[in-house]
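The values are calculated or read from the model by the stated rules, or taken from the named source; none is laboratory data. Being a predicted model, the structure only gives us computed values, none of them experimental. Heads up, the Cβs are rebuilt from the backbone with ideal geometry, glycines too, and the neighbour counts pull from every protein chain shown.
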Amino acid sequence: MVNLVQDLKPISYIKAHIAEIVDYVGDSRSPVIITQNGEAKAVLMDIESYEKTIHAINLSKLLQLSEKSAIDGKLIPHEKVKERSEETLKRIRK
């Protein structure tokens with residue numbers, strides 16, 4: 001969770017304390033919002049949180065595609081998927 005008092009830093013502060021900020025982000029798993037001229041411009045976050053965020057975004061995109069397929073009536077019955085999977089496995093094993 002972002003603490004706006006502690007986690008909102010001007011770019012000048014970031015430049016002067018980059019090693020300290022990177023340690024903070026890595027240890028706390030809390031992102032730091034970087035401001036420039038009083039406006040939020042960027043976010044610095046630890047790599048694990050970044051990877052989880054990317055994974056969540058990709059999963060969300062897959063769910064949206066699945067939902068669109070369902071709405072468009074492009075669903076494949078379970079039996080058909082099972083049949084196609086078995087056929088594919090037979091071809092692979094030959």
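Examine segment 15-24 for a residue that is at pLDDT 90 or above and among the acidic types (D, E), and state whether such a residue exists.
Scanning segment 15-24, I find at least one residue that is at pLDDT 90 or above and among the acidic types (D, E), so the answer is yes.
Between a residue in segment 51-69 that is under 26 Å from P31 (Cα atoms) and any residue that is assigned to a helix (DSSP H, G or I) and not polar (S, T, N, Q), which pairs come within a Cβ distance under 9 Å, given they are 6 or more apart or on different chains?
As it stands, the answer is none, since no pair meets every condition given.
Only residues that are in contact with a helix residue (DSSP H, G or I) (Cβ under 9 Å, 6 or more places away or on another chain) and at pLDDT below 90: list them for segment 38-94, please.
If the condition is that a residue be in contact with a helix residue (DSSP H, G or I) (Cβ under 9 Å, 6 or more places away or on another chain) and at pLDDT below 90, then K74, L75, I76 are the ones that fit.
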